[in-house]
């Protein structure tokens, strides 16, 4: 096992929808913010209400973080491939070189997530990419390759962040603390710790 310390740097987190980033990597991003990382967020779909929620969530993670929205239609990103690609290329030019990009997994069952996952690879060449997972009814949680252990405090903060920042999602049957903690506990077992977030890495550059 190779243990690496995630230090400060420039980190870009990308989601197809508001709440994707926090569901998949909220604990890791909180830890990076605590370490002094320069965080930026980008969300490709969402109406005014959902984008406002994502803005609030990002501010809770890192008050100085920038958030950019493409405002493409939810559930229709495959039909908006060109617009999504143009947005991500413009984003890459605007934020400049990054030390780490955090994005969805390529094997995610949701079509919007897959579009973002597929576009990240050619747009952000030569950058370390960690791909997060999102629990859903499809049952698509696959093996993880990279684990970020989370302290009890980070888990508590992640759960509180999700519950506070996304009131629009609380009517969903799976949206609760038990779901959030169960995924973190499962990955923690695999990582030999109490809690962890699991990722797939298609490129990692160690410096």
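Where a number appears in this text, it was derived from the coordinates with a stated rule and is not lab data. All figures in this text were calculated on a predicted structure; none of them were measured in a lab. Note that each Cβ is placed from the backbone with ideal geometry, even for glycine, and that neighbours are counted across all protein chains shown.
Fewest Cβ neighbours within 10 Å first, please rank 99, 152, 34, 19 accordingly.
On the way: 99 17, 152 9, 34 14, 19 22.
With the fewest neighbours first, 99, 152, 34, 19 line up as 152, 34, 99, 19.
How would the range 105-207 be classified by its alpha-carbon gyration tensor: rounded, prolate or oblate, with rounded meaning a/c under 1.5 and the a/b versus b/c comparison settling the rest?
Details: a/c = 1.83, a/b = 1.28, b/c = 1.43.
It is oblate, given that a/c is not under 1.5 and a/b is not larger than b/c.
Looking at the square roots a ≥ b ≥ c of the eigenvalues of the Cα gyration tensor of the range 107-167, which shape do they give, rounded for a/c under 1.5, prolate if a/b is larger than b/c, or oblate?
Details: a/c = 1.79, a/b = 1.46, b/c = 1.23.
Prolate, because a/c is 1.5 or more and a/b exceeds b/c.
Relative contact order for the chain using alpha-carbon pairs under 8 Å, separation at least 6, rounded to a whole percent?
That works out to 23 percent.
How many angstrom separate the Cα center of the range 7-59 from the Cα center of the range 130-169?
Result: 12 Å between the Cα centres.
Using Cβ counts within 10 Å as a stand-in for footprinting exposure, how do 194, 157 rank, fewest first?
Working: 194 14, 157 19.
Listing 194, 157 from fewest to most nearby Cβ atoms yields 194, 157.
In whole Å, what is the distance between the alpha-carbon centres of the range 187-207 and the range 98-122?
Distance between centres, Cα-based: 17 Å.
Gain in length, residue 106 to residue 47, computed as 0.36 nm per residue apart minus the alpha-carbon separation, to one decimal in nm?
Working: separation 59, 0.36 × 59 = 21.24 nm, distance 2.47 nm.
Result for the pair: 18.8 nm of gain on full extension.
Classify the range 9-89: rounded, prolate or oblate, from the alpha-carbon gyration tensor (a ≥ b ≥ c, eigenvalue square roots; a/c under 1.5 rounded; otherwise prolate if a/b is larger than b/c)? All intermediate terms of the calculation are to be shown ahead of the outcome.
On the way: a/c = 2.25, a/b = 1.75, b/c = 1.28.
Prolate.
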